[in-house]
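Visitor: Got a structure for you, questions after.
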Amino acid sequence: MFQRGDIPNLKKDLKFSANLLDNEIRFNTRWGVFSPRAIDDGTLLLMKYISAEPSDVCLDLGCGYGPIGLALAKYCVDGEVHMIDKDFVAVELSNINAKLNKLPNARAYLSDAFAQVPSDVKFDQIISNVPAKVGREQLSIMLYDALDALKPGGTITFVTINGLRDFIKNNFKSVFGNYKKLKQGQKYTISQAIKQQ
C-alpha cells in the first residue's frame with residue numbers, strides 16, 4: 001500500500017530505452033498505460049518478425065505509448081507512421097516519445113479503431129498488438145476498416161495471445177481471403193494477411 005507521500009513520485013513519468021528494429025528508442029511512460037516499465041513480450045516477439053521498406057506508410061493500431069509505431073518511424077525514414085489509440089494518455093505519450101526520438105514522420109492521434117483515420121490515406125502496413133479482450137464485433141469492424149485502408153498488396157500483422165490464434169486466423173481468412181502464421185511462441189502468435197489486388 002502506498003502512502004500519500006509516495007504519490008508525487010508515482011505521478012512522474014517513467015523512463016527507459018529499448019532496442020527495436022535495430023534502433024535504440026527512448027520512452028516516457030506512466031502508470032495506467034499498458035506495460036509501463038518495459039516493452040511487453042508480445043511486442044518484442046513481433047519486432048523480430050516484421051519488416052518494412054523505408055518508404056512505407058504504416059498504421060500502429062492501438063499504439064499505447066508508441067513502441068511499434070516509433071520503431072517503424074525510425075526505420076521508414078522516407079515514409080510516415082500514423083499511431084492511433086482511444087486512450088488520450090497513450091496518444092499524448094506517443095507524441096512526446098516521437099519528439100524525444102526526433103521522429104517527425106510519426107504522429108499519434110485519438111481514434112476509436114479507424115474512426116478518425118483520414119480516408120484518403122492508404123497504408124502499406126497495419127500493425128497491432130491486439131488486446132486479449134477484443135470482441136468479435138470490434139474485431140470485425142477493425143478488419144473490414146483495415147481492408148479498406150490498405151493499399152493493394154499491403155499487409156496487416158497482429159500479435160495476439162495464443163488463445164486468440166484460431167479466432168484471428170478464421171477472421172483474417174474471412175475478411176482478407178488469406179492467412180499466414182509468421183511465428184508462434186510460448187505465449188504469443190504473430191498472424192499476417194495481405195490485401196490482394
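The values are calculated or read from the model by the stated rules, or taken from the named source; none is laboratory data. Worth saying up front: this structure is predicted, and the values here are computed from it rather than measured. As a convention, Cβ positions derive from the backbone with ideal geometry for all residues, glycine included, and neighbour counts pool all protein chains shown.
Visitor: Tell me which of these I141 doesn't satisfy, since it passes every other one: (1) surrounded by fewer than 17 Cβ atoms within 10 Å (Cβ to Cβ); (2) under 27 Å from T29 (Cα atoms).
Guide: Looking at each condition in turn, I141 falls short on (2).
Visitor: When both residues are 6+ apart or on different chains and their Cβ atoms are under 6 Å apart, which pairs have a first residue that lies in the stretch 143-156 and is under 16 Å from H82 (Cα atoms), and a second that is aromatic (F, W, Y)?
Guide: Qualifying pairs under 6 Å: D145/F114; A149/F123; L150/F123; G154/F123.
Visitor: Of all residues in the stretch 164-190, which are crowded, with 20+ Cβ neighbours inside 10 Å and touching a residue at least 40 places away in the same chain (Cβ under 8 Å)?
Guide: Y188, I190
Visitor: If you don't mind, there's one more thing I want to ask. Where in the stretch 6-105 are the strands (runs of 3 or more DSSP E), entirely inside, with at least 2 residues that are in contact with an Asp or Glu (Cβ under 9 Å, 6 or more places away or on another chain) and among the acidic types (D, E)?
Guide: Ranges flagged: 80-85.
Visitor: Of everything in the stretch 150-177, what is closer than 13 Å to V134 by Cβ and hydrophobic (A, V, I, L, M, F, W, C)? Give them in sequence order.
Guide: Once the filter is applied, which keeps residues that are closer than 13 Å to V134 by Cβ and hydrophobic (A, V, I, L, M, F, W, C), the stretch 150-177 yields F158, V159, I161, L164, F167, I168.
Visitor: May I ask you to say which residue of V121, V57, V81 is in contact with a Phe, Trp or Tyr (Cβ under 9 Å, 6 or more places away or on another chain) and β-branched (V, I, T)?
Guide: Result of the check over V121, V57, V81: V57.
Visitor: From N97, N162, N105, N101, grab the single residue that is over 23 Å from D41 (Cβ atoms) and polar (S, T, N, Q).
Guide: N105
Visitor: With respect to the numbered conditions (1) free of Cβ contacts under 8 Å to residues at least 24 places away in the same chain; (2) more than 19 Å from F158 (Cβ to Cβ), which one is the sole condition not fulfilled by S51?
Guide: Exception for S51: condition (2).
Visitor: Turning to a different aspect of this structure: I need a count of the residues in the stretch 67-88 that are under 16 Å from F34 (Cα atoms), touching a Ser or Thr at 6+ places or on another chain (Cβ under 9 Å) and either among the polar types (S, T, N, Q) or surrounded by fewer than 20 Cβ atoms within 10 Å (Cβ to Cβ) (or both).
Guide: The total comes to 1.
Visitor: Every residue in the stretch 133-163 that is among the aliphatic types (A, V, I, L, M) and either within 18 Å of E53 (Cα to Cα) or not in a strand (DSSP E or B) (or both), please.
Guide: If the condition is that a residue be among the aliphatic types (A, V, I, L, M) and either within 18 Å of E53 (Cα to Cα) or not in a strand (DSSP E or B) (or both), then V134, L139, I141, M142, L143, A146, L147, A149, L150, I156 are the ones that fit.
Visitor: Scan the stretch 104-125 and give yes if some residue there is closer than 23 Å to K195 by Cα, surrounded by fewer than 20 Cβ atoms within 10 Å (Cβ to Cβ), at pLDDT 95 or above and among the aromatic types (F, W, Y), otherwise no.
Guide: Yes; the residues of the stretch 104-125 include at least one that is closer than 23 Å to K195 by Cα, surrounded by fewer than 20 Cβ atoms within 10 Å (Cβ to Cβ), at pLDDT 95 or above and among the aromatic types (F, W, Y).
Residue-by-condition table, conditions (1) touching a residue at least 40 places away in the same chain (Cβ under 8 Å); (2) surrounded by 14 or more Cβ atoms within 10 Å (Cβ to Cβ):
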{"site": "S17", "(1), (2)": "no, no"}
{"site": "T29", "(1), (2)": "yes, yes"}
{"site": "L61", "(1), (2)": "yes, yes"}
{"site": "Y65", "(1), (2)": "no, yes"}
{"site": "K99", "(1), (2)": "no, no"}
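Visitor: Filter the stretch 36-69 down to residues that are touching a helix residue (DSSP H, G or I) at 6+ places or on another chain (Cβ under 6 Å) and of a type in the set (S, T, Y) and give me whichever is nearest to M83 (Cα to Cα).
Guide: Per the criteria, the residue is Y65.
Visitor: Conditions: (1) in contact (Cβ under 8 Å) with a residue 12 or more places away in the chain; (2) under 20 Å from P67 (Cβ atoms); (3) of a type outside the set (V, I, T); (4) not in a loop (DSSP other than H, G, I, E, B). A113 meets all but one. Number of the miss?
Guide: Looking at each condition in turn, A113 falls short on (4).
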